[in-house]
Amino acid sequence: MKTSGKVLAAQVAKIKDSDVFSIRSENLPTWCPGCGYFGIHQGINNAIQRMNIPHHKVVTVSGIGCAGRYSFFANTYGLHTVHGRTLPVSTGVKLANPELTVFAVGGDGDGLAIGGAHLPHIARRDINVNYILFDNSIYGLTKGQPSPSSPPGFKTKVSPAGSTEQPLNATLLALSYGATFVARLFAGDPEGITAALIEGIKHPGFAFFHVYTSCVTFDKQFKTWDHLKKWVHPLPENYDSSNHAQSIAHVLEDDYSMGILYRKQDS
Ligand code: SF4
Ligand code: MG
């Protein structure tokens with residue numbers, strides 16, 4: 001049935017800030033079937049709906065790569081920026097309008113290689129941006145090369161004998177740089193992502209979400225779903241997320257515990 005302009009205008013006029021719909025846009029994700037990014041998208045969508053954040057007060061800023069396409073798939077304001085520059089652009093958006101909820105989104109190549117120098121500065125400035133690092137330890141968009149978070153021995157078309165480089169640990173970096181909210185999450189657990197995002201969005205400073213995910217198309221060896229499901233586990237029951245030094249010590253010992261690792265109490 002065709003809706004007249006008058007009827008449509010009346011319907012739009014009735015929309016209030018409190019009427020929050022799914023943030024899925026009409027542009028359906030072009031990610032490969034089985035990609036972990038679908039779970040992260042679900043987690044973000046849930047958090048925005050459950051917190052009743054109006055779409056016009058949300059901005060998603062993405063970089064380059066498969067994760068960089070995210071801003072097209074979210075029905076919010078969005079910026080698809082240049083490679084590695086999600087964090088300075090997000091900082092500008094938040095400073096220009098502090099009322100906005102800002103998500104910076106990008107992959108491990110975008111955020112830890114070309115954009116790696118921005119993480120310490122947004123952390124030390126404690127800008128109230130939610131940065132979600134989609135970490136599958138591979139460059140997916142360019143068809144599978146080792147990234148800064150790939151482990152030694154990781155075999156790809158350009159490293160047939162296995163990568164010889166040591167990986168960066170993004171969670172440890174964020175904690176070391178002084179991020180006031182740090183969570184490590186699993187793309188296979190959208191509800192866990194939602195729960196941490198809700199806490200991180202409420203946090204008044206910089207919130208970092210390191211999400212372990214799988215590139216099902218180009219990684220058959222390391223961060224596969226089977227591997228991740230076998231190793232990820234919750235934080236210990238007696239874990240104290242207010243203790244910065246203990247959070248760092250824990251991350252040095254355990255690569256696969258999932259949850260809110262650190263939350264500065266007085267921020
Ligand atoms: Fe996901 Fe990998 Fe496909 Fe990119 S190439 S959409 S990361 S599965
Ligand atoms: Mg990647």
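Of all residues in the range 23-48, count the ones that are within 16 Å of ligand 2 (Cβ to nearest atom) and part of a loop (DSSP other than H, G, I, E, B). It would help to see each step written out before you state the result.
Narrowing the range 23-48 to residues within 16 Å of ligand 2 (Cβ to nearest atom): 29-32, 34-41.
Next cut, part of a loop (DSSP other than H, G, I, E, B) only: 29-32, 34-36.
Residues in the range 23-48 being within 16 Å of ligand 2 (Cβ to nearest atom) and part of a loop (DSSP other than H, G, I, E, B): 7 in total.
Can you tell me which residue within the range 179-215, out of those that are within 16 Å of ligand 2 (Cβ to nearest atom) and β-branched (Val, Ile, Thr), is nearest to GLN265 (Cα to Cα)? My answer is VAL211.
Just one of (1) assigned to a loop (DSSP other than H, G, I, E, B); (2) among the β-branched types (Val, Ile, Thr); (3) touching a Lys or Arg at 6+ places or on another chain (Cβ under 8 Å) fails for VAL216. It is (3). Taken as a whole, the structure places PHE186 among residues that are under 21 Å from LYS220 (Cα atoms), buried (at least 21 other Cβ atoms within 10 Å of the Cβ) and in contact with a Gly (Cβ under 7 Å, 6 or more places away or on another chain). Taking the numbered list (1) away from ligand 2 (no atom under 16 Å from the Cβ); (2) of a type in the set (Val, Ile, Thr); (3) outside any helix (DSSP H, G or I) in turn, THR91 passes all entries but (3). Count of the range 98-131 residues, restricted to those that are part of a strand (DSSP E or B) and of a type in the set (A, V, I, L, M, F, W, C), is 4. Scanning the range 132-174 for residues that are more than 14 Å from ligand 1 (Cβ to nearest atom), surrounded by fewer than 18 Cβ atoms within 10 Å (Cβ to Cβ), without any contact (Cβ under 8 Å) to a residue 40 or more places away in the chain and assigned to a loop (DSSP other than H, G, I, E, B) yields PRO152, GLY153, VAL158, PRO160, ALA161, GLY162, THR164, GLU165, GLN166.
Read-outs: derived from the displayed coordinates by stated rules, not from any lab. This one's a predicted model, so the numbers in the text were calculated from it and none came from an experiment. Positions of Cβ are backbone-derived with ideal geometry, glycine not excepted, and every protein chain shown enters the neighbour counts.
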